[in-house]
Structures are given as C-alpha cells and as structure tokens.
Amino acid sequence: MAPDELVLALLKAMPHKKIDGKKRLQKLAYLMASAGVDCNIQFDLRDYGPFSVEIAQAADYLTFSGLIEEDEQQLGDNNFFMTSYKLIESIPTRPELSHDHVKALAALAKYTTIQLEVAATYLFFRNRGLDEETARQRTVAMKPAKASPAVLAKAPEILGHLPH
Amino acid sequence: MDKDQRIRDPIHNLIAFSTKRPEDVMLWELVQTAPVQRLRRIKQLGFSEFVYPGATHTRFSHVLGAMQMARRMLDVFERNQQLPADDHPRRRLATLAAALLHDVGHGPYSHVFEEVSSKLELNQSHEAYTLEIIRKSRTAEILDKNNILDETALFFEQESGNDPYQTIISSQLDCDRLDFLMRDRYYTGVRSTAIDLEWLLDSLKISKICVDPIEGIYEYSFVVQKKGVSVVEEFVLSYMKMYQNIYFHKTTRGVQHMASDIIYKTVSEVDQQFNSINSHPLITFFRNKDNQALDNYMNLDDSSVLSLVKLIADANNHPANALANRYLNRDTYKCLDLPSSETGEIRREKASKFIEALRSENIAFFADRLPGKAYKQYDVMDRNFLKNIMVEADGEHEPLGRVSQLVQAIPAKPTRIYFDCSKDRDRAKSIRDKMG
C-alpha cells in the first residue's frame, strides 16, 4: 500500500470512518504497518513517537484532492484544538485492510492517543531490536511525563490486539 | 578565553562573553568548535535569497541569537521567580548550551538535503546528527568538563514538557522561534509585524498543563497571562506573515523542488563518464552508506550543493544538465495557487475534476507536499499549533484560539501545484478558470 492508500484504508476501517487528531493517525498507521500491513513507509522517532512524513503528506494531499475531509475540533478539559480526518462516503478505497487489521483497529478505538503514543514508541524500540526491558527504559527516558507506569502497563495490552 | 569578547548582532545589538562569568567562558569555547563554526557555511533560509536577496544570513548568526534569546528569557524568568531553585546554575548553563548547539546537525540547504535523504531512505535526520555531535565531538569534551553533557543532551533526547527549562528550548514560544522570526524578518527586509519582545517575555509564565485528564498527565508549557494576549496575537500574526511571505514562498519552494530534483537525479542515475560528479563529496555521501558517518556529514555545507550544481551545469550530456543551468539562472518551476476558501463538496469536486483534466491533457505537474515536519518554520501550517498557545485568566487555562478572534481567523494553508514551465502552468490556469 502507498501512504495515500493506507490513510484511506485506515479511515474506512475506523468507526464513523473518522480519526481524531494527526497524532492518532500517525500512531495507528505505525501500529498497522508494524502488524503486517503491506506498505513500505518510513517512520522515524520524532517528538510524539513514530512519525512518517509520507503519512502526513498523504493526509494533506488527500484533503486537497477532496477524498477526505479535514475538520477542526476542540477536545479535552483544556479544549485543545485538533484536526480530525473523515473519509468521504462516496470514495471507493482500494486496497482495504484485512479483517484482522480492521478488528484490531476497532479494539484500539478505546485507548487514548497518549496510550497509543507510548505503546507505539515502545514498539518502535522493539522493532529496532531492543529487548523488552531496554525498550521500556528508552520509552520512559524519552517520555518521562507520559510513560507513567499506568500508561506503560497498557502497552502490552495494546500491542496484543495487533495481528501477528 | 583570555579577554572579554563581544559580537555585534543586528537583532540583539551586543552579544557579550565575559571572562568573569564561567558560563560565558564555556559558551565562548563552544562557539569556537568546528560544529558551530561550520554553521557559518550554511544559510539560515536556504534558497530564500532567490526571492529576498538580503536573506543570506547564516545559521551561525542564528544560533548565537538563539543563545542570546535564551539568556534574555532566563533572566526574565529568574526575575519573575518562574524557575526552580534546585540546581539552577547548572540547568541554566545546560539550557544556554542547548540553545547554542540546537542546529549543529543541519545539513546544507537542510530542507532539500532531508528531502533527498528521505527519497533515498536514509534514516538519519538533522536532529539525530545534532545529538551525535553533542555526544561525540569536541563539544562533548567541553560539556563534560562543565558537568552538563547529559543535561544538555537531554534537551534533544527527551520529549519536551518534562521540565520548565525545556520550554525555553522547545515550545510554541521558544528561543529558537523568537530569534528566527525576528532575524529572518530583518534580513529579508519585511517591515510588517514586529514583535514586542520585552512585553511578550514578561507576559509569559511557565505552568503545568493537563494533557490527559484520564491518566493525569501534565506537561510544562508557556502560558500567556491575560495582559499579554495582544502581544501574543502579534507573535501569531508575525509567524503567519513570515510563513506566507517567506518560508512557504512559492518561488522559494519551486527552487527547493528543483534543487532536490537535480541532486536526486544525479545520485540515482549513475553514469561512469562523469568522474568529477561521481566523486563529488555530496554524491559519494548519498550513494554509499559507508560514507554517511558523522565526519563526512560534517564536511558538507552549502558550498557542496553549489559546487555540484556548477559541475553538472558544465557537463553537457549529464541528465540533470538542463535543470542545473535553469537553477543557476533562476528559471524555476512555475506555480499555480489553488483557492483554499471553498469548502465542502464544491472544493472536493473541483479539485478532483481539475486533477483529472490535467492528466487527460498530459500536463505534468506535482503538488507541493509538506516538507518534513521537523522544521519549526512550517509548524504554523498546522493551524492548531498556534491556536493551542495557552492563556491564563483567573486561574483557568484556555487556548488562544478560544480567546482571540484574530487567531480564530488563521487562514488555511494554500494548496499549490507546480509545473515545469510557464506554458504548462498557463494551460492549467486556463483549465481551472474555465471550471469556474
């Protein structure tokens, strides 16, 4: 899948065909790419965990092309502004994600973006060959505020939803 | 440093280093290192000089400015008792070092360099090089001697928001942004949207903001006191104007695309007849993973790009020869801005039809995709970035986007399409105009 196709496929698979937040889009893309979705997309570790310039560009291009809708929302106690993406109903999407990946995305819907961010960061280190403990330590070192014991404890649960 | 040193600077007037202040002695020593001196050979605004001939200032002047800006911020926050007392002198020193060193990992014409690197699937970003330089080069010895190596590296290894000092180096109103906005405005000659820096700094507080109420996660962030809302609005306006007129200028972006195409084409199409080009340091760096170590990277600067383009322009049969000559003579790709004011079904339908029409007319084009997110100049492309600057009033925090009508009206980013020549662009424009 090309980046554009992955973004469309993700949106199609989501409840309400919508993803709230650019960060969330990035983390879901990374988790799916790590879980065997056939795509050759480069992710680097940036401020908020694994990030792909190609995914960011794809979201922008799809918005420009009229294939997805970009909207602004305010969420949380502090009413932070964030961007949400929604698939236009009439747009056909090919290829699509497998049944197992769609099921995983449905399961991931209940986690907060920060929980996904920490889990994705931990997975990034594991994918780079670090053992569990070292990956955990690197995640905590990088995100001391977010990677609290409670949040980090969710990471195995989150990753357990991914198809192998 | 055997005597006091002073540097004249158009933004900060005087940047002074006193032998009586140990922090200044260390900072001066860092200024003399090869990684910092290399920044004299890398322009802050890359190809912007194609549009603004005065924009030739270097990253060297900017990092000195960012360091001075950090000093000013630290002085204000100390005066207003915004920083913790524990270990403050060391934390202050590490913050100043981080401000001075924050750009040492930049490659020549950074945006283009990283775009080509990304196309070639080279994984190391300029931030990664910055960290490697801090940890490994002569700078590491100086920082270690002053017991701040780990503290300084932490600014680049750790997500910001974990402590108050990090807000000075990485936040919506950090020393980097404040310096480059003022500096770039000065050197390009832009006259509008000045920032009242002293009032702005005095209006800032460092507070803990809740970013996840479910997990109880808090991060340190700058918060603007209510008295500072109008000056922050000026900052936002300045950022927007600079982005529209300078950082995302259509001609500058066209030149960036052209330079990227020249380098990428040369790297990826090997032709044995062009020995001098094949052995050029920039080409050998990109082609051979064994040549991508830090030492070779540090040998590259803006002259590497220009010398390569000159070689290609002189090589008549080279595949990128025509492009190289166009670059040297400022015959850039041509741009068509698409209106971003239409919303909903109208825009979507028009955009799809327009692209379809270009393809059926065999008009080659490419959309101006976002540059890599690592560049702060482009942060403002995400409207929410500035809208989420927090304002404090009566003990409560609210995003600037809710408080300020001016900031609510931040326009959408433009959408651009580039064509090889003005003839293709004019044909495309004609198609678009007929669509209504």
Specify which of the listed residues (A:Ala120, A:Ala56) is touching a strand residue (DSSP E or B) at 6+ places or on another chain (Cβ under 6 Å), of a type in the set (A, V, I, L, M), assigned to a helix (DSSP H, G or I) and surrounded by 19 or more Cβ atoms within 10 Å (Cβ to Cβ).
A:Ala120
All conditions in (1) within 11 Å of chain B (Cβ to nearest Cβ); (2) among the polar types (S, T, N, Q); (3) more than 30 Å from B:Ile389 (Cα to Cα) are true of A:Gln137 except (1)
Conditions: (1) modelled with pLDDT of 90 or more; (2) in a helix (DSSP H, G or I). A:Ile19 meets all but one. Number of the miss?
(2)
So, in the range B:127-172, exactly how many residues are over 23 Å from B:Phe77 (Cβ atoms), acidic (Asp, Glu) and away from chain A (no Cβ under 12 Å)?
3
A:Thr139 meets each of (1) free of Cβ contacts under 8 Å to residues at least 24 places away in the same chain; (2) buried (at least 20 other Cβ atoms within 10 Å of the Cβ); (3) under 14 Å from the mean Cα position of the chain (by Cα) with one exception, condition (3)
Exactly one of B:Arg6, B:Arg92 is charged (D, E, K, R) and either assigned to a helix (DSSP H, G or I) or touching a helix residue (DSSP H, G or I) at 6+ places or on another chain (Cβ under 8 Å) (or both), and that one is B:Arg92
Based on this model, can you work out whether A:Thr134 counts as at pLDDT 95 or above and either among the polar types (S, T, N, Q) or on the phi > 0 side of the Ramachandran plot (or both)?
yes
For the range B:305-321, how many residues are among the small types (Gly, Ala, Ser), outside any loop (DSSP other than H, G, I, E, B) and surrounded by 17 or more Cβ atoms within 10 Å (Cβ to Cβ)?
1
Limited to the range A:81-109, what total is found for residues that are over 19 Å from the mean Cα position of the chain (by Cα) and at the interface with chain B (Cβ under 10 Å from one of its Cβ atoms)?
3
All but one of (1) farther than 28 Å from A:Ala145 by Cβ; (2) crowded, with 18+ Cβ neighbours inside 10 Å hold for A:Met14, so report the exception by its number.
(1)
Checked A:Thr113, A:Thr134 against criteria (crowded, with 18+ Cβ neighbours inside 10 Å and hydroxyl-bearing (Ser, Thr, Tyr)); the one match is A:Thr113
Condition check: without any contact (Cβ under 8 Å) to a residue 60 or more places away in the chain, assigned to a helix (DSSP H, G or I), away from chain A (no Cβ under 14 Å) and more than 17 Å from the chain's Cα centre (by Cα). Does B:Leu200 satisfy that?
yes
Are any residues in the range B:95-121 assigned to a loop (DSSP other than H, G, I, E, B) and at negative phi, and if so, which ones?
B:His102, B:Asp103, B:Val104, B:Gly105, B:His106, B:Gly107, B:Pro108, B:Leu120
Restricting attention to the range B:173-187, does a residue exist that is within 14 Å of another protein chain (Cβ to nearest Cβ) and among the hydroxyl-bearing types (Ser, Thr, Tyr)?
no
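The values are calculated or read from the model by the stated rules, or taken from the named source; none is laboratory data. Quick caveat, the model's predicted, so the values are computed rather than measured. When we count neighbours, we look across all protein chains shown, and the Cβ atoms used for this are built from the backbone with ideal geometry, even at glycine.
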